[in-house]
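The values are calculated or read from the model by the stated rules, or taken from the named source; none is laboratory data. This is a predicted model, so every value here is computed, not measured. Every residue, glycine among them, receives a Cβ derived from its backbone with ideal geometry; neighbour counts consider all protein chains shown. Accessible surface areas use protein heavy atoms only, side chains included; no ligands, DNA or RNA. Shrake-Rupley method; radii C 1.70, N 1.55, O 1.52, S 1.80 Å.
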Amino acid sequence: MIERKQFYIDGAWVDPVTPRDHHVINPATEEPIAVISLGSEADAVKAILAARAAFPAFSETSHDERIALLEKIIALYSAKLPEIAHAISQEMGAPMWLATAAQAPAGLGQLMGALNALKEFTWEHSRGNTRIRYEAIGVCSLITPWNWPMNQIGCKVGPALAAGCTMVLKPSELAPLDAMILADIIHEAGVPKGVFNLVNGDGPGVGSVLSTHEEVDFVSFTGSTRAGIEIAKSAAPTVKRIAQELGGKSPNIVLEDADIQKAVSSGVMQVMTNSGQSCNAPTRMFVPRPKLDEAAAIAKATAESVVVADPAGDKRFAMGPLANARQFEKVQSLIEIGMKEATLVAGGLGRPEGFNKGYFVRPTVFVSETNDTTIAREEIFGPVLTMIPYDTEADAIRMANDTVYGLSGYVQSENLDHARTVAKQIRAGMIHINGASTDTVAPFGGYKQSGNGREWGDFGLEEFLEVKAVMGYGAVAAE
C-alpha cells in the first residue's frame, strides 16, 4: 500500500490542514493500492497564496531561464517514464502496453510541445507606434481528469511554466499518483518554490475553491460538460478567464467511396482504445444504408476480436477495465438502455467471460436506426459504438452536426478531396481524415458544449497569456 497523504505547497511536501483519508482503487482488482488525503478549503487557499507570492518573480524570468527549466523537467520525466506508466496502469487501469506506449509518453510529449512553442514564441512586436506585449496571465488553477491523466496535466503545466505563470494543480482524486511523481520531478528540477503547487481533493473540497478564489486569474479545466458548467458559474463573479476541454460524441462518417473494411474496423478499434475513455473517440459511426449489414458484420467481428485482459499483463493491444466503479455503473446502465432502443451487434451487459471482478466491460456495438436514441446522443465514455445508417451524404452531415458537442469529427474516403469537402462541413474543433492521429502541434479543443479555448503547442501557450498594447511606444518624444 502506497501512502502519500501530503500536498506539495510552496516548494515542500506538507501535511494537510485537516487529514481526510481517501483510498485509490485499482480498477482491475477493486482493491486499494494507495491512500492519499483529500484537501480542504484551507489547503487550497494555502496553495493559491503561495502561487500568488511566487508570481511577481517568476513572471519576470527570462525566456532562456524558462527554456532551461523545461528542459530539466523533460530530462527527469524521461528517466521516470517506466515509473509513471506503472502508476497510471495501477490507478486507472490502462494496460501496461498502452501506459508505456501512449499514456506516460503523452505527458512527455506535451511538455516537449510547450518547450518548442516557447522557443519559437515572439513576446513583443510593433504595430505602428504601438508595442504589443504578451505577459503571463497570473495564478492558474489546473483541474485535470483520470482518463488520460498525465497528458492532461502536461498540456496545462507545460505551457503555464513556459508562460511564466504560477499554478495550483488538482489532479483527479481517482488517479493522483502520476501527478505526485510529476511534483517530485518539478521539485528535483529546481522550480522556484510556490510556482507549482499540488493539492489532492474532490470538486466540493478543493475544485470549488480553485474556481472561485479572487487570487486565481485563470482556470484550465478538463472533464465533463456538467462539471464545466459549474466551474464557469463559479468563476463568473470574479470574471476569471476559463478554458475548458469537455465532453464529446464524435461522428465518424464512412462515405460511399470509403474502403468499408478498413474504415469500419479502424473506427471500432479507435473507440475501444483506452476502453473507450477518450473524449474525442469516434463513438457515432454513420454508414451508407445499403452497406449497413456489411458494416455491422465487420464491426461485430472487430469488436469480438478485442482481447480484454488484466492490465498488468503483457498482451499487446489488449483492453483493460474502466477506470472506476462509477464509470462502470454508468456504462452498464447505458448499455442496458441501448439494448431496449437499438439492435445489439456485439457485446452487451456484464463483464467479459473469465472476469468476476474488476470494472471490465464487453466491447459493445449497436445499430441505431436514428440519431435520436439515448446511446446516439449521450457521451457513454466506454467501449461502446453506435452505428447509424444514412441515405444521403447531406443526411450524414446533418446528423453528424445534430449534437450538443463539437470536439472531433472523422471522415473516411478513398478520395481525399471528397473527404476534405465533408470535413469542412462538420461543426467540430478537430477533424480526422482516414484515421489520422492527433497532432500535438495542432490546436486541441472543441465547439459548442465541448468547451472553449485550445490546448497544445502555441495555441496552448497563448491561453496562459494576457495581451498588452503600449500605445505611443514608438513615438518621437515631444520637444
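Contact annotation: residue pairs with Cβ atoms under 6 Å, 6 or more positions apart or on different chains, pairing a residue in the stretch 125-143 that is among the polar types (S, T, N, Q) with a partner that is assigned to a strand (DSSP E or B), are 130/469; 141/168; 141/219. Sort out which residues of the stretch 259-300 are more than 14 Å from residue 249 (Cβ to Cβ) and either of a type in the set (D, E, K, R) or free of Cβ contacts under 8 Å to residues at least 24 places away in the same chain (or both), and write them in order of number. Listed by number, the residues that qualify are 259, 262, 289, 290, 291, 293, 294, 297, 300. For the stretch 373-400, taking the residues that are of a type in the set (A, V, I, L, M, F, W, C) and either without any contact (Cβ under 8 Å) to a residue 60 or more places away in the chain or at positive phi (or both), the one that is least open to solvent (accessible area, probe 1.4 Å) is identified as 375. Per the listing 67, 33, 73, 9, the residue uniquely open to solvent by less than 40 Å² (accessible area, probe 1.4 Å), among the hydrophobic types (A, V, I, L, M, F, W, C), closer than 20 Å to residue 205 by Cα and in contact (Cβ under 8 Å) with a residue 24 or more places away in the chain is 9. Condition first: of a type in the set (D, E, K, R) and either farther than 18 Å from residue 160 by Cα or in a loop (DSSP other than H, G, I, E, B) (or both). Now tell me which residues in the stretch 438-467 satisfy that. Within the stretch 438-467, 439, 448, 454 meet the criteria.
Answer yes or no as to whether residue 318 is under 27 Å from residue 403 (Cα atoms), touching a helix residue (DSSP H, G or I) at 6+ places or on another chain (Cβ under 8 Å) and of a type in the set (A, V, I, L, M, F, W, C). So residue 318 fails the test. Number of residues in the stretch 279-313 that are open to solvent by 20 Å² or more (accessible area, probe 1.4 Å) and among the hydroxyl-bearing types (Ser, Thr, Tyr) equals 1.
Within the stretch 295-326, the set of residues being assigned to a helix (DSSP H, G or I) and not aliphatic (A, V, I, L, M) comprises 300, 302, 304, 305, 326. Scanning the stretch 81-95 for residues that are buried (at least 18 other Cβ atoms within 10 Å of the Cβ) and not β-branched (Val, Ile, Thr) gives 85, 86, 87, 89, 90, 91, 92, 93, 94, 95. Residues in the stretch 202-228 that are surrounded by fewer than 18 Cβ atoms within 10 Å (Cβ to Cβ), under 23 Å from residue 446 (Cα atoms) and among the polar types (S, T, N, Q): 224 alone. Looking across the stretch 31-50, the residues that are β-branched (Val, Ile, Thr) and closer than 19 Å to residue 195 by Cα come down to 45, 48. Checked against (1) among the aliphatic types (A, V, I, L, M); (2) outside any loop (DSSP other than H, G, I, E, B); (3) touching a strand residue (DSSP E or B) at 6+ places or on another chain (Cβ under 9 Å), residue 337 meets all criteria but (3). Filtering 207, 203, 154, 158 for residues that are at pLDDT below 95 and under 18 Å from the mean Cα position of the chain (by Cα) leaves a single hit, 203. Would you please list the contacts, defined by Cβ atoms under 8 Å and residues six or more apart or on different chains, that run from a residue in the stretch 16-29 that is farther than 25 Å from residue 361 by Cβ and in contact (Cβ under 8 Å) with a residue 24 or more places away in the chain to a residue that is assigned to a loop (DSSP other than H, G, I, E, B) and open to solvent by 40 Å² or more (accessible area, probe 1.4 Å)? That search, which allows pairs on different chains as well, returns 16/5; 16/6. Given the conditions (1) farther than 30 Å from residue 239 by Cα; (2) modelled with pLDDT under 95, which single one is not true for residue 119? Every condition holds for residue 119 apart from (2). Looking at residue 435, is it modelled with pLDDT under 95 and of a type in the set (Gly, Ala, Ser)? So residue 435 passes the test. The helices (runs of 4 or more DSSP H) found entirely in the stretch 163-267 that carry 3 or more residues being among the acidic types (Asp, Glu) and closer than 26 Å to residue 2 by Cα are 177-188.
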